[in-house]
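One structure below.
The values are calculated or read from the model by the stated rules, or taken from the named source; none is laboratory data. Since we're looking at a predicted model, the values are computed, not measured. Because the Cβ atoms are built from the backbone with ideal geometry, glycine has one as well, and the counts that use them run over all protein chains shown. The area values use the complete protein model at the heavy-atom level, side chains included, leaving out ligands, DNA and RNA. Shrake-Rupley method; radii C 1.70, N 1.55, O 1.52, S 1.80 Å.
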Amino acid sequence: PYSKLRPGLLTQIVANMLPGVRSLTHLEAIDAPSPVATNSVIVTGAVLKREECSEELIETFYDPLPTDVTGWNGHGSNIRRSRRAMLAAAAAGTDSSIMPGLQASTATPSVSSSALPSRPTAADELLEAALHVAHLAADFRPSLPAAPPRAQTGRDRHRFAAKEKGEKEGPTEGAEAGLSIDLMAVIGRLAVMRPPTMSVRTWELFQALVEAMLEHPGQSMRIRSRKLLEDLLPYKLSPPFVGIAPEANEVVVAAAAVAASVASGTDASVPAPPGLSMMAAGREGRITSPPAEWCISTGKRLLEAVKTEDSHSLRAATLGALTGTLLFGHLEDMSTDQADELRKEYFLALRAAIGDSHASVRAAATQALGQLSPLWLSAAGIRQKVEDPQSPEPGVFKSLPLLVLEAMTAAWQDGVADVRGAAGTASAHMATIAALLLGKASSLVAAAVAAAAAAEAQAKGLHDGPKEELSPEAAAEVAALPWGKVLEAGVAACSDKPEKPRAAALRACGLLVEVLPPGAACEGKYKAPAGVELVKVVSEALITGIRTTPAKCQWNACRAIGQVYQSRAFMQSPLRLEVHEGLLLSLCREVGTSPNLKVRIQAVQSIAQVPGDSCFWGPELSNSMLLAMCQAAIALDPCAEEPSASKVEEKQRTTYGKQLRSELYAAGDHWAQHTQLDRSGVSPELAKMLPQALQQLPELSMVFEVQEDSGTASWPGGLLQKWLRKERLLL
């Protein structure tokens with residue numbers, strides 16, 4: 001939506017806005033900011049929205065400011081002296097008149113000023129201003145003139161209904177200073193854009209700001225403190241654990257055990273600051289996370305807030321922030337009793353929240369259960385026994401992962417679509433971690449995990465730390481968990497009418513089938529009758545899902561089919577040939593006729609996952625596969641005549657055409673390696689389409705000649721070329 005900006009322009013704008021931002025540190029009344037300060041905050045927020053310039057913005061805000069920008073010999077030195085005085089006061093446990101609230105947490109480390117960078121960053125300037133404004137906002141009491149009676153609005157009726165239900169309103173948005181709301185929104189964008197490592201000074205300022213807002217009188221400020229904490233400690237940050245992104249059907253790196261990765265190229269002349277031994281200190285004292293003690297103590301405060309907050313919005317926001325505090329708490333460095341108690345405490349709080357009266361709280365609790373899957377399925381989590389809070393009889397103890405799966409299964413049956421969608425995402429997290437631990441992850445998942453971990457490590461300059469390996473006994477316990485029950489509940493949700501829970505269910509089914517034991521059958525609790533093999537039930541649900549719009553649900557179903565092909569449950573099923581025919585023909589239909597290229601791409605990828613056993617590659621099915629790939633190749637031609645139902649938009653062809661070509665080469669290579677089709681079995685329709693398809697994939701003919709002369713076959717489509725040449729279909 002934005003035009004391309006000249007490099008350096010945003011940096012110049014930020015430099016021009018800094019004096020106005022600095023003036024906020026001298027503000028005495030929150031309701032009387034200068035126009036310059038207010039406009040500086042607004043412009044800085046607009047700058048941080050330019051995500052396409054994220055590389056420049058990260059450097060602008062998080063690298064030390066040059067002296068000519070800060071005027072360091074003047075006002076900047078005062079800020080540095082203030083910071084050092086504040087740190088000394090915090091270390092001594094006394095009040096600080098400069099930055100009150102920093103000493104509120106006993107876990108805040110004592111940091112020597114020599115360990116701090118010699119210059120601040122633009123982020124530091126913003127955080128200093130935000131901290132000062134947060135304390136002013138805590139004492140803000142608006143004095144409004146008496147207004148004449150007015151007609152009751154919808155918002156008034158909503159507040160009246162909340163009172164009737166016994167909920168406390170808390171301060172409304174209008175009762176809080178607009179400056180504080182705007183400035184905290186800017187800080188939120190700053191946190192989302194943060195680099196993997198930050199200076200100790202910047203981390204301390206973020207911590208102080210969270211502390212100042214956690215128990216702020218204003219409800220909006222308390223919600224923003226939770227959101228800020230969630231952005232600072234995201235669950236998808238660091239190796240070695242992985243999870244599934246809620247918004248995308250791809251594997252991404254998830255937060256956990258940051259201590260397992262250490263910074264490379266550490267400068268020995270910069271000692272790790274006292275109290276930060278849990279963190280990896282890199283060049284210029286930059287670190288990856290705040291102290292584990294601070295994370296845990298903050299998490300405990302949030303646990304109490306979940307029980308005491310009357311606002312459902314605050315309870316939901318608090319649950320969203322809980323995940324990072326535990327994942328960054330480094331339980332592996334604690335004693336066994338301490339770690340077990342924390343896992344138990346967090347689980348019981350989340351399990352209780354799944355029974356909350358408000359749907360947003362139930363959805364947030366379910367989502368958090370899934371994000372914490374690396375801890376539930378750690379060696380310590382697997383052996384831990386916890387009393388079942390849902391059991392009618394006291395003293396019933398079960399393994400922690402079993403209780404988590406039971407909670408997820410219950411969430412599948414919730415009457416609200418958002419909660420069912422969260423159950424799908426959480427189940428996908430749990431199944432992915434289990435598949436990776438058991439070595440059962442499909443090649444799609446394993447490749448994505450490896451790529452994500454490598455990219456993350458390269459971006460951060462980190463190398464992989466030691467990975468936890470399960471003992472045979474622990475692995476057997478993970479494999480014996482009731483994955484079939486969760487999958488059966490997920491299959492029932494694949495026919496959900498709202499698209500959000502349906503897409504989540506289709507995605508989760510593909511991941512759950514990877515850990516499904518061979519021969520698992522339905523129990524008959526949902527739509528499928530008891531005794532029917534789950535692989536067949538799942539395949540029928542995916543075939544229906546692949547035919548049903550919107551595209552998001554269709555490509556989730558396509559991807560899930562590829563994961564079914566890679567599972568042991570499918571390969572060892574006596575119904576595998578019957579299941580295969582239905583799945584493959586559904587994929588071929590989408591490859592050849594879908595108007596959405598993303599759906600075609602995902603379907604082509606799944607065709608490339610068909611096992612190489614000869615029983616799956618009969619002539620008729622091979623003909624259908626190649627015919628569908630030819631139809632997809634022809635769709636790349638903007639002048640090609642296609643039925644209106646499968647006509648591809650030019651915008652999609654431009655955006656995804658290159659990727660579709662690449663996937664067609666890979667799938668064609670896989671097809672030619674295993675096919676049992678020869679020239680005599682080629683259908684007339686396929687023979688007619690081949691020349692037109694090869695015009696859209698000229699590399700198949702041009703590169704073949706080069707490879708033949710050089711004696712190599714390195715091009716991805718080399719095997720398909722050889723097959724075409726052998727069968728005299730490529731001249």
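Computed quantities for the displayed model
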{"quantity": "About the Cα centre, charge dipole magnitude for segment 466-530 (Lys/Arg +1, Asp/Glu -1 at Cβ), debye", "calculated": "480 debye"}
{"quantity": "Ranked packing of 126-137, 46-57, 350-361, most packed first, by mean Cβ within 10 Å", "calculated": "126-137, 350-361, 46-57"}
{"quantity": "Surface per residue (accessible, 1.4 Å probe) for segment 388-428, Å²", "calculated": "37 Å²"}
{"quantity": "Protection-proxy order for peptides 673-679, 17-23, 534-540, each taking the mean of Cβ atoms within 10 Å per residue, highest first", "calculated": "534-540, 17-23, 673-679"}
{"quantity": "Whole-number accessible area per residue in Å² for segment 289-349, which is evaluated in the context of all protein chains at 1.4 Å", "calculated": "33 Å²"}
{"quantity": "Shape category assigned to segment 575-616 from the gyration tensor of Cα positions, a/c cut at 1.5", "calculated": "prolate"}
{"quantity": "Probe 1.4 Å, accessible area per residue of segment 586-631, Å²", "calculated": "26 Å²"}
{"quantity": "Efficiency of FRET between ALA687 and ARG383 - r from beta-carbon atoms, R0 45 angstrom, step 0.05", "calculated": "0.15"}
{"quantity": "Mean separation of Cα contacts under 8 Å (6+ apart) over length of segment 524-640, as relative contact order %", "calculated": "26 percent"}
{"quantity": "Neighbourhood net charge (14 Å Cβ-Cβ; Lys/Arg +1, Asp/Glu -1) for ILE607", "calculated": "-1"}
{"quantity": "Cα→Cβ-extended label distance, 7 Å offset, between LYS651 and GLU332, nm", "calculated": "4.5 nm"}
{"quantity": "Pairs from LYS688/LYS722; LYS300/LYS398; LYS598/LYS722; LYS307/LYS552; LYS485/LYS647 whose Cα-Cα separation, in the structure shown, is over 31 Å", "calculated": "LYS307/LYS552; LYS485/LYS647"}
{"quantity": "Viscosity 1.567 mPa s, temperature 4 °C, Stokes-Einstein D of segment 321-435 from Kirkwood C-alpha radius, µm²/s", "calculated": "91 µm²/s"}
{"quantity": "Whole-Hz ³J(HN,Hα) from phi, Karplus 6.51 cos²θ - 1.76 cosθ + 1.60, for segment 47-55, glycine and proline x", "calculated": "4, 5, 7, 7, 5, 5, 10, 4, 4"}
{"quantity": "Extension reserve of the ASP31-GLU59 stretch, reckoned as 0.36 nm per residue once the Cα distance is removed", "calculated": "6.8 nm"}
{"quantity": "Net +/- balance of residues flanking VAL682 in space, Cβ distance below 12 Å, scoring K and R +1, D and E -1", "calculated": "-1"}
{"quantity": "Relative packing of peptides 326-336, 290-300, 206-216, 475-485 - highest average C-beta neighbours within 10 Å first", "calculated": "206-216, 290-300, 326-336, 475-485"}
{"quantity": "Förster radius 45 Å - calculated FRET efficiency between SER614 and THR549, Cβ distance, rounded to 0.05", "calculated": "0.80"}
{"quantity": "Per-selection metrics, segment 522-618 (Cα): Rg and Dmax in Å", "calculated": "13.3, 38"}
